[in-house]
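Data first, discussion second: the structure below is written as structure tokens.
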Amino acid sequence: MYLPQGTELQSRYVIESLLGHGGFGITYSAFDRILKVRVAIKEYLPRQLATRAEGQTKVSVYSGDAIQHYQYGLRKFMEEAQAVARFSHHPNIVSARDYFEANGTAYMVMEYVEGVTLKEYLNKKGGRISFEEAQGIMMPVMDALREVHQVGLLHRDVSPDNVYITTSAQVKILDFGAARYQAGEQSKSLSVILKPGYAPEEQYRSSGKQGPWTDIYAVGATIYKALTGKTPPDALDRKEEDTLEPPSQLGVAIPLSAEEALLKALAVTASQRFQSMGEFQQALMDGEPMTVQFQAGMVQDQS
């Protein structure tokens with residue numbers, strides 16, 4: 001169902017290879033013949049709603065309800081492209097360069113970055129890293145999300161899969177596919193694939209009000225995973241019986257104030273968490289500057 005190597009899009013982009021395939025789309029490496037640079041191209045192709053015959057370029061949507069769902073997803077895909085494009089100036093957000101519709105679907109052209117996801121990085125580092133290194137990686141992500149929140153947008157899918165560390169040691173946040181604007185009642189849940197351990201309990205409920213605190217939980221869960229090597233228990237399970245172990249009890253060297261901040265970010269009840277990303281950052285640093293900047297070379301031998 002992938003576009004064949006050598007496929008041309010818009011008489012400009014030449015498909016080179018497959019980079020990844022998720023539930024809602026396919027990402028390719030491609031060459032931009034006009035600017036003479038490699039780009040990443042994300043194609044909307046939800047496998048439960050559509051397919052493509054071998055060797056073909058046009059997408060075939062399944063019949064029945066699939067058509068309506070496919071069109072809805074196509075609109076959301078365009079909104080994702082618009083959201084990413086809005087922050088193309090930010091050094092910690094992968095930038096969008098183009099958007100177009102073709103082959104019965106749509107495409108988002110993004111900057112091509114080399115490196116590894118935080119998930120891959122942790123695996124190569126034995127499953128966990130120091131508090132200082134985790135802080136150095138996640139603070140740029142939090143900076144980016146703080147700016148995203150300032151315009152009323154939420155990411156809603158922060159996890160080690162969506163934090164990318166480039167070979168030049170820049171940290172970037174990926175995949176705004178679940179992003180949406182929060183505005184009063186409109187900030188209630190919409191159907192989205194949730195990542196157990198990283199999604200807070202309000203994302204499981206149709207009436208769950210979401211806000212910056214929703215991304216704060218996911219950032220906290222990502223830091224917890226980086227420090228302990230363990231994914232936090234599912235938020236709904238924690239609501240019944242909270243079995244989350246403080247990192248210090250798992251042998252992690254972490255300042256007391258930082259651990260308290262992390263556990264507050266991971267509070268099951270939204271109102272008990274920090275309400276802004278800036279507050280969380282300040283508490284995590286306890287007013288001190290970062291002790292370790294993320295260094296180039298940390299990733300060089302990882303890729």
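Throughout, read-outs are computed from the coordinates displayed, never taken from laboratory work. Worth saying up front: this structure is predicted, and the values here are computed from it rather than measured. Every residue, glycine among them, receives a Cβ derived from its backbone with ideal geometry; neighbour counts consider all protein chains shown.
By how many degrees, 0 to 90 and rounded to 10, does the Cα axis of helix 65-86 deviate from the longest principal axis of the chain?
Result, in degrees: 60.
Lys124: which aspartates and glutamates have alpha carbons under 15 Å from its alpha carbon, excluding same-chain residues fewer than 8 sequence positions away?
Counting by Cα, and skipping residues close in sequence, Lys124 has these aspartates and glutamates nearby: Glu133, Asp161, Asp301.
How do Ile137, Ile15, Ile216, Ile67 rank when sorted from fewest to most other Cβ atoms within 10 Å of their own Cβ?
Sorted ascending by nearby Cβ count, the order is Ile67, Ile15, Ile137, Ile216.
Taking all pairs of different Cα atoms in the stretch 8-111, averaging 1/r and flipping that mean, what Kirkwood radius in angstroms comes out?
For the stretch 8-111, the Kirkwood estimate is 14.3 Å.
Taking the chain as the reference, fit the longest principal axis to its C-alpha atoms, fit the long axis of helix 131-150 to the helix C-alpha atoms, and give the angle between the two in degrees, 0 to 90, nearest 10.
60 degrees
Exposure proxy check: Arg47, Arg273 ranked by fewest other beta carbons within 10 Å?
Arg47, Arg273
Rounding to the nearest 20 debye, state how big the charge dipole of the chain is about its Cα centre with +1 on each Lys and Arg Cβ and -1 on each Asp and Glu Cβ.
My answer is approximately 720 debye.
If I take every Cα pair under 8 Å that is 6 or more residues apart in the stretch 10-86, average their sequence separation and divide by the length, what percent do I get for the relative contact order?
18 percent
Which lysines have a Cα less than 22 Å from the Cα of Lys42, not counting those fewer than 8 places away in the same chain?
Partners found: Lys58, Lys76, Lys119, Lys172, Lys195.
Report, to the nearest 10°, how far helix 212-228 tilts away from the longest principal axis of the Cα atoms in the chain, using its own Cα long axis and a range of 0 to 90°.
Relative to the chain, helix 212-228 is tipped by roughly 70 degrees.
When Cα extents along the principal axes in Å is calculated directly from the model, which label among (1) 68, 57, 34; (2) 57, 45, 32; (3) 61, 41, 40 fits?
From the options (1) 68, 57, 34; (2) 57, 45, 32; (3) 61, 41, 40, the structure gives (2).
Between Glu147 and Glu101, what length comes free when the chain is fully extended (0.36 nm per residue of separation minus the Cα-Cα distance, one decimal in nm)?
Contour length minus the Cα-Cα distance gives 13.7 nm.
Want the number for Leu18 to Ser60: 0.36 nm per residue separation, take away the alpha-carbon distance, what's left?
13.1 nm
If exposed chymotrypsin sites (Phe, Trp or Tyr not before Pro) are those in a DSSP loop with at most 15 other Cβ within 10 Å, what is the longest stretch of the chain that has none?
Counting at most 15 other Cβ atoms within 10 Å as exposed, the longest clean stretch of the chain is 63-303.
How many nm separate the modelled label positions at Arg86 and Thr167, each set 7 Å beyond the Cα in the direction of the Cβ?
3.3 nm
Fewest Cβ neighbours within 10 Å first, please rank Leu263, Leu154 accordingly.
In order of increasing Cβ crowding within 10 Å: Leu263, Leu154.
List every residue whose amide H lies under 5 Å from the amide H of Tyr99, counting only residues 5 or more places away in sequence or on a different chain, with H placed 1.01 Å from N in the peptide plane.
For Tyr99, whose amide H was placed from the backbone, the distant partners under 5 Å are Val109.
Just name one of Tyr164, Ile137, Ala50: the one whose Cα is farthest towards the positive end of the charge dipole of the chain (beta-carbon charges, Lys/Arg +1, Asp/Glu -1).
Looking along the dipole axis, the top candidate is Ala50.
For Tyr62, list long-range residues whose amide hydrogen, built 1.01 Å from N in the peptide plane, is under 5 Å from its own amide hydrogen.
Ala50, Thr51
Among Ala261, Leu174, Ala85, which residue has its Cα furthest toward the positive end of the charge dipole of the chain, with +1 on Lys/Arg Cβ and -1 on Asp/Glu Cβ?
Ala85
So for the pair Ser207, Lys230, with labels modelled 7 Å out along Cα→Cβ, what separation do we get in nm?
3.3 nm
Helix-only mean residue ellipticity at 222 nm, the chain, DSSP H runs n ≥ 4 weighted -39,500 (n - 2.57), per residue, nearest 500. What is it?
-9500 deg cm²/dmol
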